[in-house]
Amino acid sequence: MDISVTDSKQTPLEYVVMGGTFDPVHNGHIQSAKQLVSTLGYDHIYLMPCGDAYHKQGVTQLDHRVAMLQLAIKDSVSLKLDLRETLREGATYTVDTLTQLRQELGKEAHISWVVGTDAAKGLVNWHQWQQVFEQANVIVIHRAGVPLDHSVTNAWPAKPCSDGQAFKQIPNGAFMQVALEPFDISSTEIREAINQKQSVDDHVPQAVLNYIEQHGLYRGNH
Ligand code: ATP
């Protein structure tokens, strides 16, 4: 399968990214991203697997994570892959990715980084986290069981925005919380369930399940 750094040859005016480890990708990622596309009226969301997940131990090798993502989005017109982080050496820092995107897309482009509420809580620990808002906006989606206190977003050097149309006009420096149908599932729970030979059929796309089975992933190593 052809793997390009971005799937689009045109320079988009909107670039929305859900970054993650995707170990493995699950329906929480896929359905949340699809809902976000329809709720805010974006054309696409780019799923962006990190290369070196410096903050996580024992992450599954990259080619498996990318292959599963490709299978998960193969029938979707709104979800695309951006593999730029997998091509960089060393720890994957979001700020580097966003700086690169800003250089590519220009200062007017609306760039947004999507995080679940769990990731939002840890954002202040990211490398050069304040600069994230100099390059992009942040979209927070609710993660089941992980409420977000105002004190988290109050600490961000970013303007709150609750109007989707207005938000899409803002290049950077804003954040928006979007209420989506919650999907109470994590990759950690899926790895553990597979390891214990429990069914994850309801939480992972069938093609990804087949891949996991075929390659014997998540058995005895997590
Ligand atoms: P792990 O359990 O291995 O930490 P994860 O399920 O949190 O993995 P990641 O790939 O780390 O998945 O997540 C990528 C992004 O997707 C993060 O911003 C995370 O908050 C968000 N996300 C993951 N699962 C969900 C979900 N069920 N609902 C909403 N957002 C989610």
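For the structure I just gave you, tell me whether residue 205 is crowded, with 16+ Cβ neighbours inside 10 Å and farther than 19 Å from residue 70 by Cβ. Criteria not met by residue 205. Mind telling me which of the residues 118, 43 ends up being in contact with a Lys or Arg (Cβ under 6 Å, 6 or more places away or on another chain) and surrounded by fewer than 15 Cβ atoms within 10 Å (Cβ to Cβ)? When all the criteria are applied, what remains is 118. Here residue 54 clears all of (1) among the aromatic types (Phe, Trp, Tyr); (2) surrounded by fewer than 20 Cβ atoms within 10 Å (Cβ to Cβ); (3) modelled with pLDDT of 95 or more except the condition numbered (3). Scanning the range 102-132 for residues that are polar (S, T, N, Q) and in contact with a helix residue (DSSP H, G or I) (Cβ under 7 Å, 6 or more places away or on another chain) gives 128, 131. Pairing residues of the range 26-43 that are over 27 Å from residue 210 (Cβ atoms) with residues that are in a helix (DSSP H, G or I), at Cβ distances under 6 Å and at least 6 apart in sequence or on separate chains, gives 40/164. Residue count for the range 73-108 under the criterion of being in a loop (DSSP other than H, G, I, E, B), modelled with pLDDT of 95 or more and buried (at least 18 other Cβ atoms within 10 Å of the Cβ): the result is 2. Apart from one condition, residue 86 fits all of (1) in contact (Cβ under 8 Å) with a residue 40 or more places away in the chain; (2) in contact with a Cys (Cβ under 8 Å, 6 or more places away or on another chain); (3) within 16 Å of the ligand (Cβ to nearest atom); the exception is (1). Considering (1) more than 15 Å from the ligand (Cβ to nearest atom); (2) surrounded by fewer than 17 Cβ atoms within 10 Å (Cβ to Cβ); (3) not in a helix (DSSP H, G or I), the lone condition that residue 111 does not fulfil carries the number (2).
The values are calculated or read from the model by the stated rules, or taken from the named source; none is laboratory data. Being a predicted model, the structure only gives us computed values, none of them experimental. Backbone-built Cβ (ideal geometry, glycine too); neighbour counts: all protein chains shown.
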